[in-house]
Every structure is written in structure tokens, then in C-alpha cells.
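What follows is a set of notes on a single structure, which appears directly below.
Values quoted throughout were computed directly from the atomic coordinates according to the rules given, and no laboratory measurement underlies them. Because the structure is a prediction, the values reported are computed rather than measured. Using ideal geometry, Cβ is built from the backbone for each residue, glycine included, and neighbour counts are taken over all protein chains shown.
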Amino acid sequence: MKIGLEIHVTLNTKTKLFCACPATTAEPNKNTCEVCLGHPGSKPFLNKEAVLKAVKLCKAMNCEIANEIIFSRKNYFYPDLSKNYQITQYEEPLGKNGWLDVDGKKIRLKRIHLEEDPASITREDSDVLIDYNRSGMPLAEIVTEPDLSSPEQARKFMKKLLRILRYLDVFNIDGVIKADINVSIEESGYKRVEIKNVTGFKDIELAITYEAERQKRAVSEKEEIKMETRAWNPGKGVTISMREKESEADYAYIYEPDIPVIPVEKKWLEQKIPELSDAKIQKFKGLGVDEDDADIIAMELELAELFERVSKQINPVLAARWFRKELLRVLNYNKKTIKEVEMDEKHIVELLELVDKKIITDNTAKKILEELIVKPFSPKKYVEEKGLSQITSEEQLKKICAEVVKNNEKAVKDYLSGEEKSFQFLVGQVMRATKGKANPDVTNKLLKEEIKKNI
Ligand code: ZN
Ligand code: MN
């Protein structure tokens, strides 16, 4: 199977690509002006921020970057396109010949270019509603060679792309991420079928899976596979024939006469990009962190960077376990990202030191972490002030264990007749009596000793 993707992502600039309208969500048709409404005589002017962000993206995707920025008009009629042409890059894209590594395979990128988004169209009963807020929003279009060979690989590619977009902070999360997908199979001699405008990750994978199956079935039933454009119906989970494929010649491209050819400046190319997720994962694995934990911690740049700072001061494997399980759990629960909390590495290192030295139990540490996310403080002082150090003294715990065994005859009997759950209940009683501070290993040992005495 050969799969190629053309992905459109909205860049997170303050204003649109060719006018000063805000690139934010607003009530329909509020963010508009004569340029993005396509009034005759209005003149587009290029947004530098969009160019800088697109250059960053090209760099991160290993592209050669053009010396000049050249725009063209792609001509076609549709109600979402008030000028009857879309300003895009055609002859010479901003970036070309890039690649992205997926599962050790180089997926080649044909091009990355800048273009404006058309308006959005929604249908309500017999009405067609057009919102020109989206008209002129800055898009980066990323076109791969047909190097992907399965729906899962396409999903992995998309996942990787999204991570890069987030690491670079160039992606507008409220904007579109939509793809046109080329799918062809060996059995048909790789006759190219295009699925237009598939929105969202899950649907991209589903559409490819469906389309490959459809083509295989057609070949086996001796039906002809046409080169055509199909639409994805997400509700029904099928692709539907739209039209025979138009060729690029149908768009009658011409150079855009209203925007000059703009030389790409050296300092645009020298923009720094952060170390990317793949490199971070390798680095974390080198510290002994397992692959799954490394992958999850590298999901967000801020989280990965925080982990790097913490792991310089504390056992990385311990830190990775706490990041992946507890830190993410508490962040999710509070619906926060690491960027939005005040807590920093100082607090986490102090907390994990208390865990590492077995001064507090895991349970106590989890509770402290829950509070740290809300408002940071010194975990060490907190533990001292509240007397939360764990109890490891056998002498102290022995008394409590003996008491618990004496007061819970039934549970002891059930445990002795083979009910493991009853033992956990007894442990729970010790924890309750010590406010969760009893060392679990010592407690287990002492409880068993006390029970033996009672046989
Ligand atoms: Zn505008
Ligand atoms: Mn496009």
C-alpha cells in the first residue's frame, strides 16, 4: 500500500496571513476586512510572523529552505473563496526535500508551503452559511511522498508531526488540522485515489483503512479502480466518489502580482528551535528510563524540560515513574498543563528526595504533590511541621499491629482461611491508625508475625 498525505495546519499567529484581522475565534464574520473578504482593489500584505513560524517548521522537518518567497494564485470558483482564487505557493515552496523518521523509516516530504485558508461553510437545513473569519487564516501545507505503507504508520506520522508543531509552538489548537490522503494499492498497479478533507487523527486512520479495503475488494471483483477524488463520510465511515481527479492545470496558476518576491533573510534561518521529542526520548532512555515512560514524558516540551532538570538532581528512573504516573495524574485532575502551574523543579526534587530516602511513604508524597500543584511550598518543611515522616520503628508499629490483630478477629480468621483481601484490610487499619505514615514493608512483616502468634 502506498499512502501520501497533504496536511493543512493552522499556524498560531496573532493576525491573518495577508491582513491585520485577528486570527482568533470570534462570532461569525467579525474578524474580516476588505482583504480577507476579497473586495476588488484591496491589497494583501504578508504577515512576517507566519513566515518565521513556517521557516521553523521547515527546519524541524529537515527541509531545504528556498531563497525567495513567491506566491501564486490558484484559481477556482467556490462560495468560500470570495476572490475566486486562493493565494498559495506553487512553483517554489518555502521548504522542500525534507523528511521525518517513523519507525526507523525516512518518510520523505515533498514540500511545505504557506497559503491562506478559505472561509468555512456549514449547512443548516436548506441554508448554506459562510463564515469569513477563517478566510485568510495562515496555513502551512505539508506534502509527503507516498512513502507511508499502512494506516498505523500514517497515524504515527501524524502523531510525530503534531508533537513537532507543539514543541515549536507554531500550531493553533483551535484551527484546522485536515488532510487530503492519497491511497493506492499494488493490486491495482498503484492507481491513485485521493480522499479530500479528512479532519482529525482518528478519521485519517479510519479513512485510509476503509479505502484500502475498498480498493482490494474492487480488484478481487474485477472492477476497475478509477483515478478519482473521493469524500470521507465520518458518520457512515465510508468514502464516496466525488469527481474524476482534476489536474493542477485546471487551476490555471499565475504568479500573484500584488505581493512582491521576498528574499528569505539569513536571520530568519538562524532562528533557534528546541531539541525535539525524538532526541529527548533517546536522552531519557540513556538515563535508564524505559521507552514508554520516555515517550510519555517527551509528549510536551515543558514537561520534558522539567524532567531534564529534575533528573540531574535525583535518580532518573524514580523521577520518571513519578512524572509519568503521579505528576500527569494530578495535572489531568486539575485540568492544568505544566506551563500553568507555579511549582518548579526545586519542589519536585525536594519531594522526591523525601521519597528516595524513605522519609515519607508514597501515599504521603502523592498527597503532597496534589497540594504542590495548587500552590507550591517546601515539602521538607511541610513534612517536619505536620509530622508526616513515615514510621519505620518496629517498636512503635508492633503495638499498633498487635492492637489491630486483636480487634479484628474475623478478618484474621478470613485471612488464615486464604482470603488475601482480609490482609489488605488489616494493613488498611494500621494505616488508618498512623494516618498513612506506617512503612508498608515493616507493617506487612509485623502483621504477619502478630497473626502467627494468634494461631
Ligand atoms: Zn482581514
Ligand atoms: Mn492547500
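Rounded to the nearest 0.05, the FRET efficiency derived from the C-beta distance between residue 255 and residue 80 at R0 = 25 Å is 0.60.
Treat the count of other C-beta atoms within 10 Å as a stand-in for reagent exposure and order 199, 364, 15 from fewest to most. Spell out each step's value before the answer.
Details: 199 14, 364 23, 15 18.
Lowest to highest Cβ neighbour count: 199, 15, 364.
The calculated 222 nm mean residue ellipticity attributable to helices in the chain amounts to -12000 deg cm²/dmol, summing -39500 (n - 2.57) over DSSP H runs of n ≥ 4 and dividing by all residues.
Relative to the dominant Cα principal axis of the chain, helix 420-433 is inclined by about 80°.
For the stretch 222-303, which chymotrypsin sites (Phe, Trp or Tyr not before Pro) pass both filters: DSSP loop (anything but H, G, I, E, B) and at most 16 other C-beta atoms within 10 Å? Show your work: numbers first, answer last.
Working: sites: 232, 251, 253, 255, 268, 284; in loops: 253.
In loop regions of the stretch 222-303 (DSSP not H, G, I, E or B), the sparsely surrounded chymotrypsin sites (Phe, Trp or Tyr not before Pro) are 253.
Which pairs break 21 Å Cα to Cα here: 156/267; 386/435; 159/280? As for pairs spanning more than 21 Å Cα to Cα, those are 156/267.
When only the Cβ of Lys, Arg, Asp and Glu is charged (+1, +1, -1, -1), the dipole of the chain relative to its Cα centre reaches about 1520 debye. Length gained on full extension, residue 64 to residue 305: 83.9 nm, using 0.36 nm per residue less the C-alpha separation. Going from the fewest other Cβ atoms within 10 Å to the most, the residues 347, 8 appear in the order 8, 347. Distance from the Cα centroid of the stretch 415-449 to that of the stretch 279-315 is 35 Å (rounded to whole angstrom). Cross-link partners for residue 191 among the aspartates and glutamates, with Cα-Cα distance under 12 Å and sequence neighbours closer than 8 places in the same chain left out: 224, 228. Compared with the dominant Cα axis of the chain, that is its longest principal axis, helix 48-60 is turned about 70°. The order of 409, 116, going from fewest to most other C-beta atoms within 10 Å of their C-beta, is 409, 116. Mind checking the angle between helix 301-311 and the chain's longest principal axis? C-alpha axes, 0 to 90 degrees, to the nearest 10. Long axis of 301-311 versus the principal axis of the chain: about 30 degrees.
From Cα pairs below 8 angstrom and at least 6 apart in sequence, can you work out the relative contact order of the chain, rounded to a whole percent?
Working: 767 pairs, mean separation 60.3, N = 455.
Relative contact order, the chain: 13 percent.
Value of Rg to Rh for the stretch 1-114, rounded to two decimals, is 1.01; Kirkwood radius and Rg both from alpha-carbon coordinates.
Here is the short version for the chain: 19, 21, 33, 36, 401 have no other Cys C-beta closer than 4.7 Å.
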